[in-house]
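The values are calculated or read from the model by the stated rules, or taken from the named source; none is laboratory data. Keep in mind that what you see is a predicted model, and the values were worked out from it rather than measured. Heads up, the Cβs are rebuilt from the backbone with ideal geometry, glycines too, and the neighbour counts pull from every protein chain shown.
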Amino acid sequence: MGAPLPPPAGNPPESPRPNVLFIAIDDQNDWVGPLAGHPLVKTPHLDRLAARGTTFLNAHIQSPLCNPSRTSLMLGLRPGTTGIYGLAPWFRTLGPWKNRCTLPQHFKAHGYRTLTTGKIYHGGVGGPQQQAAEFDVWGPPSGIGAKPDRKLIPPTPMGNHPLMDWGVFPHADEDKQDYKVASWAVEQLETLPRTEPFFLAVGFFLPHVPCYATQRWFDLYPDDDTVLPPVLENDRADTPRFAWYLHWSLPEPRLPWVRDNHQWRNLVRSYLACTSFVDAQIGRLLDALEKTGLATNTIVVVWGDNGWHLGEKGVTGKNTLWERSTRVPLILAGPGIAQGGHCRQPAELLDLYPTLIDLCRITPRTDLEGLSLVPQLRDAQARRDRPAITTHNPGNHGVRSERWRYIRYADGTEELYDHQNDPNEWNNLSQDPHHAPVLADHRRWLPQHDAPLAPGSADRILVYDPATDEAVWEGRIAIRRHDPIP
């Protein structure tokens, strides 16, 4: 476990401000070595980063969807504050946030050279003028790179979305866009002038679907059912009906389809293979830091924007308030951070903005909704009084404390899980009167304000109509209360 760092002796000259290497992984759940979310996963480079830094074992996102999650992190505000709950719109198009200072902009204003490549923001960022306002330098964009001539899996239900694909086919790792993103970032580390600190943001696309990987990465994982995650048949029997609505009419297939079409094992192996491939790209970045001598004065942070189900609770994909969808990697290493730390206190991606401000000794801000994690980075046992809160559309919130997960849906229904005794969240305890005190303690953390949907909101938007007691999915009633859920 990480030990507290000793106080400085005397008043030595202040060292140069540390650099920041800010690494995002898309749709990466806790299936990485430092989080032990899958017993077979191989991520040696994340393992070595964790050994020289602190890992948050209980870190969660503010929204289980790319755009609102990334918007929350970069603005330092919750989805319930901004009204950005879905895949659109770009926050710069919204009056209240048009001129909001983002995390990289704050560093830019304090003398940092800011660079980015791959997927950091979700989707387009506007023209050259807008891009220049966000970062000084832009590298290769996010993307898939090499892909097959046609989909590798059978047509899927819910529209047969083109991204719903996975598997192995002959191509070169060097042709994958994530490889090119890493190559560009390595080049920057090797050539950046040492006259100013840098903030380098590197966003990897995988293991987001389509999960394509070459055979060498598939060979890391056995082609048998030992790779499959544990699932409980009829697991949704004790969950509220409203829980289904968060995953309503989405392109991600559900467990019965991947089973019936013999795709479950293929999907899981593809996800694991892509996870190991991205780990190798992170390893290239870490090697470049060490080769250039930058490692000693660079803070490295690795985070995932949301988790991903691979059959648990009967679904694939994200968009839920359960552990598999909200828990993500969060690892920090570098100056001022204890080595080998494992923090079990709840943490939020929202905390990264104030944390990096503190670590880099730049001007604090009073308008951020996260809490600095520096106390836990110095001593992994340091207490934290606040749980992690995840929101998915107005009125649906998950509250994750050190032991418990509490969920309340917009119609007032609830779930409660004891992670000490039920890490798979198979037993909903919300109706057990013995747990009334636990429920009451977690209810008090529910957000008191849900901002209305931002103008232009469309994709994956769910609202609750109390007048009719119906869930409304993107403007239409999702399903009547008496209808069976398909």
>> Can you pull out every residue in the range 286-329 that is hydroxyl-bearing (S, T, Y), within 26 Å of L373 (Cβ to Cβ) and crowded, with 24+ Cβ neighbours inside 10 Å?
In response: T320, S325, T326
> Taking the range 351-405, which residues are crowded, with 21+ Cβ neighbours inside 10 Å and of a type in the set (D, E)?
Replying inline: D351
>> Only one of G167, G139 is in a strand (DSSP E or B) and closer than 14 Å to F22 by Cβ. Can you tell me which?
In response: G139
> Which numbered condition trips up Y179, out of (1) outside any helix (DSSP H, G or I); (2) surrounded by 16 or more Cβ atoms within 10 Å (Cβ to Cβ); (3) among the hydroxyl-bearing types (S, T, Y)?
Replying inline: (1)
>> For the condition in contact (Cβ under 8 Å) with a residue 12 or more places away in the chain and surrounded by 20 or more Cβ atoms within 10 Å (Cβ to Cβ), what is the one hit in T102, T81, T93?
In response: T102
>> Which of the helices (runs of 4 or more DSSP H) found entirely inside the range 234-329 contain at least 2 residues meeting this: at pLDDT 95 or above and out of contact with any Asp or Glu (no Cβ under 6 Å at 6 or more places or on another chain)?
In response: 255-260, 264-292, 323-326
> How about the range 365-460: which strands (runs of 3 or more DSSP E) wholly inside it have at least 3 residues that are closer than 22 Å to P68 by Cα?
Replying inline: 388-391, 397-400, 404-408
> Any idea which residue in the range 78-126 is farthest from the chain's Cα centre (by Cα), counting only those that are at pLDDT below 95 and aliphatic (A, V, I, L, M)?
Replying inline: L94
> Across the range 144-155, which residue is surrounded by the fewest Cβ atoms within 10 Å (Cβ to Cβ) among those that are touching a residue at least 12 places away in the same chain (Cβ under 8 Å) and on the phi < 0 side of the Ramachandran plot?
Replying inline: P154
>> Scan the range 344-361 and tell me whether some residue there is in a helix (DSSP H, G or I), at pLDDT 95 or above, within 27 Å of P251 (Cα to Cα) and more than 20 Å from the chain's Cα centre (by Cα).
In response: no
> Does the range 468-479 contain at least one residue that is of a type in the set (S, T, Y), surrounded by 10 or more Cβ atoms within 10 Å (Cβ to Cβ) and without any contact (Cβ under 8 Å) to a residue 12 or more places away in the chain?
Replying inline: yes
> Quick one: which of H161, H171 is surrounded by 13 or more Cβ atoms within 10 Å (Cβ to Cβ), out of contact with any strand residue (DSSP E or B) (no Cβ under 9 Å at 6 or more places or on another chain) and more than 30 Å from N427 (Cα to Cα)?
Replying inline: H161
> List the pairs whose first member sits in the range 433-455 and is over 25 Å from P96 (Cβ atoms), whose second member is of a type in the set (D, E, K, R) and at pLDDT 95 or above, and whose Cβ atoms are under 8 Å apart, counting only residues at least 6 apart or on separate chains?
Replying inline: L439/E414; R443/R408
> Are any of the residues in the range 468-484 more than 21 Å from the chain's Cα centre (by Cα), of a type in the set (A, V, I, L, M) and assigned to a loop (DSSP other than H, G, I, E, B)?
Replying inline: yes
> Yes or no: P230 under 30 Å from K147 (Cα atoms), in contact (Cβ under 8 Å) with a residue 24 or more places away in the chain and not in a strand (DSSP E or B)?
Replying inline: no
